[in-house]
Amino acid sequence: MQPAACGDSDSVIDVNAVIPILHRVRTWASFVRFSHSVFALPFALVGALLAARTHAVGWREVGWVVVAMVSARSAAMGFNRLADAAWDARNPRTAYREIPRGVISRAQAGAFVVLSSVVFMFAASRLNTLCFVLSPVALGIVFWYSLAKRYTTYTQLFLGLAMAVAPVGGWLAVGGRGGWEPWLLALAIGLWVGGFDVLYACQDLEFDRAHGLRSIPVRFGVRRAIGISRVMHAGAVASMAAVALVAPLGPIYLAGVAGVALLLVYEQSLVSPADLSQVKKAFDLNGYVGILFLFTTAAAVYVGR
C-alpha cells in the first residue's frame, strides 16, 4: 500500500505505520475495557453536579474529575487482569484476554498499572489537597476487589464498594463537604454494580467452585444469587430516589430514577436460574443506566430549577 497524502505534498501519512498503532491502541482499550467507564464516571459527575449547586464548578474541575476517574478505573482493571491472569488462562470464557493470549506481557501490564496510578494521583492533586491525600486509599479499595475472591464470599460487594468511591470522589473534588447526597449515591452505585456483578459471576460458578474461588453464586447457588441481585437492585433504586429527599431535584430527577428502575427490571428479566444465556446482554444494559442517570440529574439541576 502506498503512503496516502494529506493536504500538501510535504504532509504525508504512512498508512502502514498508522494501522499497527491503531491496532495497539485498540488492544490496550480492550485490556482495560475502556468502554465500561460509563459505569462509574457518570456517578462521579453526578456527585460533582450535586455539589455544584452550592459550589462554583468550572470546566477545569470537570476535566480533572474525568482524568481521575478514567485513570483510576484503568489502574484497577489493569491490576485485575494482572492478578487474575493465571485463572483467566484456564477459564474458557476468559482465555481470550490479552495477557493469556500473550499480546500484552505481565511486565507491560504492571507498568500500565503504575502509570495509571500516577496519573490518578496527579489528577487528584490538581483538584484539591483532600483528594490527593485520599487518593492512595481509593487505589487500595479498587485494587482489593481483584484479590477478594481468594478470601471472601462477598467479592461482588467489594466491587460495589470500589465503585461507590466515584460519587464521593466527585463530590469532594469540587469542594462538597458534608451532606447526605454523596453517601446515598455511593450506596446506590454500590448496590447497582454489586447486583449486576452477582449476575455476571453466575457464569463462572462451576469454574470458581472447581478452583477454590469464592463468590456469592458459589456460596448460595444461582437461584439465591439472582434473588440477592434483585434485592440489591431494588435497594439501588430506593437509594437514588432517597437523594430527592435531601436535595430539591424535582420531577425530572424522579423520572430519571423511574427510567433506571425500568432498565433494571428488564435486565433482571433476561436472567433466570434455568437460563444464563442472556447474562452478557443484561450486563451491557448497565451502560445505559449511568448515562440516563447523569443526563436526567443534569437536567434536574440546570433545567428543572
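The values are calculated or read from the model by the stated rules, or taken from the named source; none is laboratory data. Quick caveat: nothing in here was measured; it's all calculated off a predicted structure. Here the Cβ is made from the backbone with ideal geometry for all residues, glycine too, and neighbour counts use every protein chain on show. Remember, those area values only see protein heavy atoms, side chains included, never the ligands or the DNA or RNA. Shrake-Rupley method; radii C 1.70, N 1.55, O 1.52, S 1.80 Å.
Some observations on this one:
- The per residue volume of the convex hull around the alpha-carbon atoms of the chain is 164 Å³.
- Taking LEU185, LEU199, LEU172 as the candidate residues, the one with maximal mean-square fluctuation in a Gaussian network model of the chain, Cα springs under 10 Å, is LEU172.
- Whole-angstrom Cα spans of segment 142-277 along principal axes, big to small: 50, 31, 17
- For segment 67-154, the alpha-carbon radius of gyration amounts to 1.19 times the rule-of-thumb value 2.2 N^0.38 Å expected for a compact globular protein.
- Reducing segment 72-145 and segment 236-305 to their Cα centroids gives an inter-centroid distance of 27 Å.
- Charged side chains reduced to their Cβ positions (Lys and Arg at +1, Asp and Glu at -1) give segment 21-162 a dipole of some 340 debye around its Cα centre.
- Here, segment 259-305 yields an orientationally averaged convex hull projection of 3.2 nm² when only Cα atoms define the hull.
- Note: relative contact order over segment 99-177, using C-alpha pairs below 8 Å and six or more positions apart, is 25 percent.
- Helices in the chain, meaning DSSP H runs of at least 4 residues, each add -39500 (n - 2.57). Divided by all residues, the mean residue ellipticity at 222 nm is -25000 deg cm²/dmol.
- The alpha-carbon positions of segment 110-175 define a convex hull whose volume is 75 Å³ per residue.
- Selected from SER35, SER74, SER272 as most flexible by GNM, with the chain as the system and alpha-carbon contacts under 10 Å: SER35
- Under the span-like rule (Cα at least 27 Å along the axis, Kyte-Doolittle mean at least 0.0), DSSP H helices of the chain: 59-83, 106-127, 129-148, 155-173, 181-201, 216-246, 250-269, 279-302
- Using C-alpha pairs below 8 Å separated by at least 6 residues, the relative contact order for the chain is 19 percent.
- Segment SER35-THR152, extension gain: residue separation times 0.36 nm, minus the distance between their alpha carbons: 39.3 nm
- By accessible area with a 1.4 Å probe, ligands and nucleic acids excluded, highest first: order of LYS280, LYS149: LYS280, LYS149
- Value of relative contact order over segment 220-305, rounded to a whole percent, pairs C-alpha under 8 Å and six or more apart: 38
- Rg/Rh (Cα only; Kirkwood hydrodynamic radius) as it applies to segment 39-109: 1.21
- GNM result for the chain, Cα springs below 10 Å: residue of ALA166, ALA188, ALA83 fluctuating most strongly: ALA83
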